[in-house]
Amino acid sequence: MYQISYKTITPVQIVSALHLLFNKEINFQDFKVYLSCFELTAIREAAYRSRQKTYKRSREVIPDYKIIELSRLTGLTAPKVKKGLKRLGSTGLITFEKHNIQILSHYLP
């Protein structure tokens, strides 16, 4: 049996992204990348929970986030995803690193 998992997007997070989109600080492709970052973190969190149930001994698992995964999720090329992540990072919405995705949780200034 499959367990459904999800990642909550707070009103602050979605409104901040929409604000930047409507003010043309990011484009629609960047917005797709932003939403895909939530999906990618949800996938990793579900895998971690599943692993905890399967293996009773818990050991530290460090996630490994890849541009190609975001590319598959968005349907965009890897260079477009990289540009999108750069723009999202410059606005403060996301910090994307190999082992961590930090998503803004407070209002933008």
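The values are calculated or read from the model by the stated rules, or taken from the named source; none is laboratory data. Values in this document were obtained by computation on a predicted structure and should not be read as measured data. Here the Cβ is made from the backbone with ideal geometry for all residues, glycine too, and neighbour counts use every protein chain on show. Accessible surface areas use protein heavy atoms only, side chains included; no ligands, DNA or RNA. Shrake-Rupley method; radii C 1.70, N 1.55, O 1.52, S 1.80 Å.
Observations on the model:
- A cut-off under 10 angstrom between Cβ atoms defines the neighbours of Leu73, and their net charge, with Lys, Arg +1 and Asp, Glu -1, is 0.
- 3J(HN,Hα) along region 10-21, derived from phi through the Karplus expression 6.51 cos²θ - 1.76 cosθ + 1.60 where θ = phi - 60°, amounts to 6, x, 4, 5, 6, 5, 4, 5, 5, 4, 5, 5 Hz, with x in place of Gly and Pro.
- Counting Lys and Arg as +1 and Asp and Glu as -1 over every other residue whose Cβ lies under 12 Å from the Cβ of Ala17, the net charge comes to 0.
- From the coordinates shown, Kirkwood radius over Cα pairs in Å corresponds to which of [x] 15.3; [y] 13.9; [z] 14.8: [z]
- The share of accessible area on the chain that comes from carbon and sulfur is 57 percent, using a 1.4 angstrom probe.
- Ranked order, Arg49, Arg72 - accessible area, probe 1.4 Å, largest first: Arg72, Arg49
- Helical mean residue ellipticity (222 nm; -39500 (n - 2.57) per DSSP H run of 4+; nearest 500) of the chain: -18500 deg cm²/dmol
- For Leu18, the solvent-accessible surface with a 1.4 Å probe is about 60 Å², rounded to the nearest 10.
- Rolling a 1.4 Å probe over the protein heavy atoms gives the chain an accessible area of 70 Å² per residue.
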